[in-house]
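Participant: My questions all concern the structure below.
What follows draws every value from the coordinates through simple rules; no lab data is involved. What you are looking at is a predicted structure, and each value in this text was computed from that prediction instead of being measured. All Cβ positions, even for glycine, are placed from backbone atoms using ideal geometry, and neighbour counts span all protein chains on display.
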Amino acid sequence: MCKPIIFLLLSILISHVHAASPHITVVTEHSMLQHMKNGQVAGKSTNVVTAVLNLAKLEFDIKMYPWARALSIVNNNPNVLIYSLVRTPEREKNFKWVGELLATDYHFYRLKHRRDIAAKTIEDMRQYSIGVVRSSVIDQTLTTNDFSNLNIVANIDINIKKLQQGRLDFIVHQPGYFERLCQRNGIDSNLFEAVMPFSYVNQALYMAYSKSTDDKIVNQTRLAYQQLKEQGVVDKMMKFDPVTQLK
């Protein structure tokens, strides 16, 4: 068989392989676990997602959006993967879940000198202003539970500054990552204190596909995730390094 025919057949075969595996759009938001670096989406959770999709031999690109837009994209399109998404009973049927990235441990934070805030239960919080990110699990949970005192913004950096300025009473965040949030914004984390667990949510952050994504792609990704999880790769990549080590 002559070389031109061989090359033609190889080209057809390669094209068929790529056509058999649809391109995956990956969406996320800016947070302590994923961020922009040199024009690319980076961070611990991004490293895990990239490793999983590469092992699954899927073609993909990762894009960063405000959280509400990322959710809109995954809710309205097939072959879309989103991270880091809190897995809750309310969300269970809306996504095809791949694997856990990180356990969550949310708390209410306030300024230490705000002794005028005397909340002892989560129900007491209804009288105070709480900063939340639009369409986040905190926003959705508090809205579902009829909290009407929410300051809703596109990203949490806005609300940490408002909290520092006394324009908010509380925000909800995770210990360790709260300190990173403060550092990223040039704010002394010692100005604040965690006063109460956010008892409505005690779940974990996941990577998950849109509900309309083909099950073959989902299962292919789950198998890759499970392999890396069993090898300890996921936990190693997500291992928390103290905020004091950040430069």
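Participant: Out of the DSSP beta bridges found with both residues in segment 107-197, what percent are antiparallel (nearest 5)?
Facilitator: 55
Participant: With each pseudo-label sitting 7 Å past Cα toward Cβ, what's the Y65-S21 distance in nm, one decimal?
Facilitator: Once both label points are built, they end up 2.4 nm from each other.
Participant: Which entry in (i) 53, 46, 45; (ii) 95, 38, 24; (iii) 85, 39, 31 is this structure's computed Cα extents along the principal axes in Å?
Facilitator: Answer label, from the structure shown: (iii).
Participant: Around V98, which amide H atoms from residues at least 5 apart in sequence, or from another chain, sit under 5 Å from its own amide H, with H modelled in the peptide plane?
Facilitator: Those lying under 5 Å, H to H, from V98 are M207, A208, Y209.
Participant: Follow-up question, since we're still on this one. Find which of V201, V86, N149 sits farthest along the positive direction of the dipole of the chain, computed with +1 on the beta-carbon of Lys and Arg, -1 on that of Asp and Glu, about the Cα centre.
Facilitator: Result: V86.
Participant: Right, here's the next one. At 20 Å minimum axial length over the Cα atoms and a Kyte-Doolittle cut of 0.5, report the qualifying DSSP H helices in the chain, or say none.
Facilitator: Flagged H segments are 3-20.
Participant: So if I place +1 on the C-beta of Lys and Arg and -1 on the C-beta of Asp and Glu, and nothing else carries charge, what would the dipole magnitude of segment 107-197 be about its Cα centre? I want it in debye, nearest 20.
Facilitator: So the magnitude is around 220 debye.
Participant: Quick one: if you stick a label point 7 Å off each Cα along the C-beta vector at I117 and R167, how many nm between them?
Facilitator: 1.6
Participant: Only helical DSSP H runs with n ≥ 4 go in: add -39500 (n - 2.57) per run for the chain, normalise by residue count and round the 222 nm mean residue ellipticity to 500 deg cm²/dmol.
Facilitator: Roughly -10500 deg cm²/dmol at 222 nm, from the helical runs in the chain.
Participant: Mind grabbing the base-10 log of I(q)/I(0) for segment 123-186 at q = 0.17, 0.21 Å⁻¹? Debye formula, identical points on the C-alpha positions, no solvent, two decimal places.
Facilitator: -0.55, -0.83
Participant: Within 10 Å of each candidate Cβ there may be at most 15 other Cβ atoms; applying that plus a DSSP loop requirement, which trypsin sites (Lys or Arg not before Pro) in segment 112-197 survive?
Facilitator: Passing sites in segment 112-197 are K112, R115, K120, R167.
Participant: Right, next: Would you please calculate the Kirkwood hydrodynamic radius of segment 82-200 over all C-alpha pairs and express it in Å, rounded to one decimal?
Facilitator: Result for segment 82-200, one decimal place: 15.0 Å.
Participant: Give the distance, in whole Å, between the Cα centre of segment 177-229 and the Cα centre of segment 95-155.
Facilitator: Rounded to whole Å, the Cα centres lie 15 Å apart.
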